[in-house]
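Only one structure is covered here, and it is reproduced in the block below.
The values are calculated or read from the model by the stated rules, or taken from the named source; none is laboratory data. Computed from a prediction, not measured in an experiment: that's the story for all the values here. Cβ: placed from backbone, ideal geometry, glycine included. Neighbour counts: every protein chain shown. What goes into the accessible areas is simple: the full protein's heavy atoms, side chains included, and nothing from ligands, DNA or RNA. Shrake-Rupley method; radii C 1.70, N 1.55, O 1.52, S 1.80 Å.
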Amino acid sequence: MESRAKKNLLIGLGNTLLKDDGVGVYADEKIKEMHPDEAWDIEVSALSGGKLLEIILGYRNVIVVDSILIDDRSPGEIITFDISEMKSPFGPSPHYMGLPHMLATAKRMNLEIPEKIRVVAINVKDPYTFHEGLSSEIEKALPRLVEEIEHEMISYV
């Protein structure tokens, strides 16, 4: 694999066929329109586990944009954190392992993992309904999400 260690990756996760789950994809598309930038590769993906790890290996810095569902938080609330703060349960196979555990495995294998991974998550209302497009609350919050992503991107340079 070609080393991308001098590049940054912005990756929006989600599935645009599952209502609010696609918010990471929509946000990254807006960023790509606004900021064509050689310092950042901008990708979208519906993958997880080992397949997501394959995408981020070799990058120096990564920002992951995703939906999150926390019952005691309002839809549209934006939460940013370092991947090291994220706790995810071990699954029955690597297909179900969360990114923190996949990164730990990659580190033990001496793979070229990113130096820094930040997560920009937005609390959503409905990530389960088969429907293209976002709920009104998340659509309204999308510009704030894009601003937060831009803020995170600037902090890398």
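By DSSP, the beta bridges lying fully in the chain are antiparallel in about 20 percent of cases. Past 25 Å, Cα to Cα: identify those pairs from Lys7/Lys32; Lys51/Lys140; Lys51/Lys125, in the order given. The answer is Lys51/Lys140; Lys51/Lys125.
For the peptides 8-18, 101-111, the ranking by mean Cβ contacts within 10 Å, running from highest to lowest, is 8-18, 101-111.
For the pair the range 17-43 and the range 137-157, the centres of their Cα atoms are 10 angstrom apart.
Taking a ≥ b ≥ c as the square roots of the eigenvalues of the alpha carbon gyration tensor, the range 32-78 is oblate, as a/c is not under 1.5 and a/b does not beat b/c. Phi-derived couplings, Karplus 6.51 cos²θ - 1.76 cosθ + 1.60 at θ = phi - 60°, listed residue by residue for the range 71-86: 4, 8, 10, 7, x, x, 5, 9, 10, 10, 6, 7, 4, 5, 7, 7 Hz, with x used for Gly and Pro. Solvent-accessible area per residue in the chain equals 56 Å², computed with a 1.4 angstrom probe and all protein chains kept. Computed in the context of the full set of protein chains, the accessible area of the chain at 1.4 Å probe radius has 54% of its extent on carbon or sulfur. Annotation: amide H of Glu77 within the under-5 Å range of Asn123, sequence separation 5 or more or interchain, hydrogens built in the peptide plane. Subtracting the Cα-Cα distance of Met109 and Phe130 from their residue separation scaled by 0.36 nm leaves 3.7 nm.
For n ≥ 4 DSSP H runs only, could you compute -39500 (n - 2.57) per run for the chain, divide by its residues and tell me the 222 nm figure to the nearest 500?
Values: 4 runs with 50 residues, N = 157.
So the calculated ellipticity at 222 nm is -10000 deg cm²/dmol.
Entry note: the range 1-75 has Rg to Rh equal to 1.01, where both radii use alpha-carbon atoms and Rh is the Kirkwood radius. Calculated from the alpha-carbon coordinates, the chain shows an Rg and a Dmax of 15.1, 44 Å respectively.
The length gained by stretching the chain between Glu147 and Asn15 to full extension, at 0.36 nm per residue less their Cα-Cα distance, is 45.4 nm.
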